[in-house]
Amino acid sequence: MEGVAMKLPSFKSLAPTAISVASTFSRRRSFSFVRRSSSLSATITADSESVSLGQRARKDFRILHQEVNGSKLVYLDSAATSQKPASVLEALQNYYEFYNSNVHRGIHYLSAKATDEFELARKKVARFINANDSREIVFTRNATEAINLVAYSWGLSNLKPGDEVILTVAEHHSCIVPWQIVSQKTGAVLKFVTLNEDEVPDIDMLRGMISEKTKLVAVHHVSNVLASSLPIEEIVVWAHDVGAKVLVDACQSVPHMVVDVQKLNADFLVASSHKMCGPTGIGFLYGKSDLLLAMPPFLGGGEMISDVFLDHSTYAEPPSRFEAGTPAIGEAIALGAACDYLSEIGMPKIHEYEVELANYLYEKLSSVPDVRIYGPRPSESVRRAALCSFNVEGLHPTDLATFLDQQHGVAIRSGHHCAQPLHRYLGVNASARASLYFYNTKEDVDSFIVALADTVSFFNSFK
């Protein structure tokens, strides 16, 4: 690439009208206006049907209104992390500005206020996924820690030599590595479901693997690479028929569709705040009450105890039993605000819009020569998530992602997306991934396709 001068990163704000709404983040009173602007439910019904949900939502996300490397930012990496609306940022700032204090430990006003808001956030999360009781929600650092909690607390206590844990080759590393560690400690056996001809986990194979030896089925709800979804309700029935438990990695479903844990009837479910418009540093575990009550602590320390003696300790009831030490208080409160924000828009509306975006993305990306998209084709019976992992023949995905960013301001992902076994199964080392959320638009997809075509043309000019 001699003679080619790549642009250095630069940033410039766009849309001064939109920015003015949130440009005074340092002054609390500005948030009252931003919060009202984020109330989309009334706007959605009042606005013209010709204006998409994405166009209406964008005003709540200041970060989207900027230039990157001299081009308007097109953010297509929401499967890695979502952007945060003004109301979520406000909730986090309000905690630190007005009632920052530790929870569950003080009798003064600030501590009581922080505790009330922290536990209210737990209730909001429970309501968001329709848990039967807020005590079934355990706050964790992220979904990875939530899975490790189940692996070390439930897994080490219940798995024995010869017991089987069923997973798929499409799992995120966070749903593979903990079970590898636990299986090495307990003698349990991991069994993996491969893909069928449509490049989705083979459900018939999964059902056939379930036996009296099966103690756990740990699977994703929606794949972060294939954009496919699994029939969790059916899987739960099959597993429960032999007395096995089911853990669902719902990181790519909770932010995008209605997830009802009572309807799914899964024993455990995990999700991460930062993928659902909330802050980083917090996620949650849903666990059925009877299971959590029977599980030993994951970490020891303050908050998770009932009484401590020199020779032994007794433990608090769940969820406190699994929340040792000072939690991420502000982050939990902001996660609750994210649940409010998404609920106000309506998860059915978000899902319906994203299905439309998903089909549009797949159709447009398929039209680019030499592109290979992984996962199933969308159809009347197959609804893809709003993401596409792909490769372009003869080009490395990191080269694509770098050029798209530096020359066009388009942010996509490249690499193995924490799914190396899946990429090996597909016969590739890495892929590029464009992933959308409800604040994206068809115009974002069009900009991406134009930029991708230019990128491919540039690299092909050297062949």
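The values are calculated or read from the model by the stated rules, or taken from the named source; none is laboratory data. On a predicted model such as this, the values are computed, not experimentally measured, just so you know. Note that each Cβ is placed from the backbone with ideal geometry, even for glycine, and that neighbours are counted across all protein chains shown. Remember, those area values only see protein heavy atoms, side chains included, never the ligands or the DNA or RNA. Shrake-Rupley method; radii C 1.70, N 1.55, O 1.52, S 1.80 Å.
Please compute the per residue accessible area over the chain with all protein chains in place, 1.4 Å probe, rounded to a whole number of Å². Show your work: numbers first, answer last.
On the way: 19860 Å² over 463 residues.
Roughly 43 Å² per residue, with all protein chains present.
Using only the heavy atoms of the protein chains and a 1.4 Å probe, how would 181, 129 rank by accessible area, largest first?
Per-residue accessible area, sorted high to low, gives 181, 129.
Working out 0.36 nm times the residue gap between residue 185 and residue 290, then minus their Cα-Cα distance, what length gain in nm do you get to one decimal?
Taking 0.36 nm per residue and subtracting the Cα distance, the gain is 35.3 nm.
Which listed residue (419, 445, 401) has the Cα farthest towards the positive end of the charge dipole for the stretch 400-463, taking +1 on Lys and Arg C-beta and -1 on Asp and Glu C-beta about the Cα centre?
Comparing the listed Cα positions along the dipole, 419 ranks first.
At a threshold of 8 angstrom on Cα-Cα distance, excluding pairs fewer than six apart, so keeping six or more, what relative contact order does the chain reach in percent? All intermediate terms of the calculation are to be shown ahead of the outcome.
Details: 888 pairs, mean separation 96.9, N = 463.
Relative contact order comes out at 21 percent.
Please report the antiparallel percentage of DSSP beta bridges with both residues in the chain, rounded to the nearest 5.
The antiparallel fraction comes to roughly 60 percent.
Can you send over the carbon and sulfur percentage of the accessible area for the stretch 257-303, probe radius 1.4 Å, protein chains only? All intermediate terms of the calculation are to be shown ahead of the outcome.
Numbers: 890 of 1570 Å².
Solvent-exposed carbon and sulfur of the stretch 257-303 make up 57 percent of the total.
What does the accessible area of residue 372 come to, in Å² to the nearest 10, when a probe of 1.4 Å is used?
Rounded to the nearest 10, that gives 100 Å².
For the residue pair residue 205 and residue 428, what label-to-label distance in nm results when each label sits 7 Å from Cα along the Cα-to-beta-carbon direction?
It is 1.9 nm.
If you take the beta carbon distance between residue 134 and residue 457 as r and set R0 to 45 Å, what does 1/(1 + (r/R0)^6) give as a FRET efficiency, to the nearest 0.05?
Numbers: r = 54 Å, r/R0 = 1.20.
FRET efficiency, residue 134 to residue 457: 0.25.
Which value in deg cm²/dmol, rounded to the nearest 500, describes the helix-derived mean residue ellipticity at 222 nm for the chain, given -39,500 (n - 2.57) per DSSP H run of n ≥ 4 and division by the residue count?
-11500 deg cm²/dmol
Which parts of the stretch 130-168 would a label at residue 105 reach, counting a residue when its backbone N lies under 18 Å from a point 7 Å out along Cα-to-Cβ?
Answer for the stretch 130-168: 139-141.
Calculate, in nm to one decimal, what residue 177 and residue 55 gain on full extension: separation in residues at 0.36 nm each, minus their alpha carbon distance.
Result: 40.0 nm gained on full extension.
Using label points projected 7 Å from each Cα along Cα→Cβ, tell me how many nm separate residue 123 and residue 213, to one decimal.
4.8 nm
Where a ≥ b ≥ c are the square roots of the eigenvalues of the C-alpha gyration tensor, would you call the stretch 35-192 rounded, which needs a/c under 1.5, or, failing that, prolate if a/b is larger than b/c, or oblate?
Cα axes put the stretch 35-192 in the oblate bin.
Under the definition of Cα pairs under 8 Å and six or more residues apart, what whole-number percent is the relative contact order of the stretch 346-463?
Relative contact order here is 29 percent.
Pairs 84/349; 59/288; 59/124: which are spaced more than 30 Å apart, C-alpha to C-alpha?
Violating the 30 Å Cα-Cα cut-off are 59/288.
Probe radius 1.4 Å, ligands and nucleic acids ignored: give me the carbon and sulfur share of the accessible area of the stretch 355-463 as a rounded percent. Each step should come with its number before you reach the end.
Numbers: 2150 of 4640 Å².
Reported share for carbon and sulfur atoms: 46 percent.
Scan around residue 140 for amide H atoms under 5 Å from its own, H built in the peptide plane at 1.01 Å from N, and keep only partners 5 or more places away or cross-chain.
The list, which skips near neighbours in sequence, is 283, 284, 285.
Relative to the present Cα-Cα distance, how much length would full extension add between residue 343 and residue 396 at 0.36 nm per residue of separation?
15.1 nm
From the square roots a ≥ b ≥ c of the eigenvalues of the alpha-carbon gyration tensor of the chain, which class results: rounded (a/c under 1.5), prolate (a/b over b/c), or oblate?
Oblate is the answer for the chain, as a/c is 1.5 or above yet b/c matches or exceeds a/b.
Given axes a ≥ b ≥ c from the Cα gyration tensor, I'd like to know whether the stretch 131-206 is rounded (a/c under 1.5), prolate (a/b larger than b/c) or oblate.
oblate
Using only Cα atoms, locate the centre of the stretch 279-340 and the centre of the stretch 109-148, then give the distance between them in Å, rounded to an integer.
9 Å
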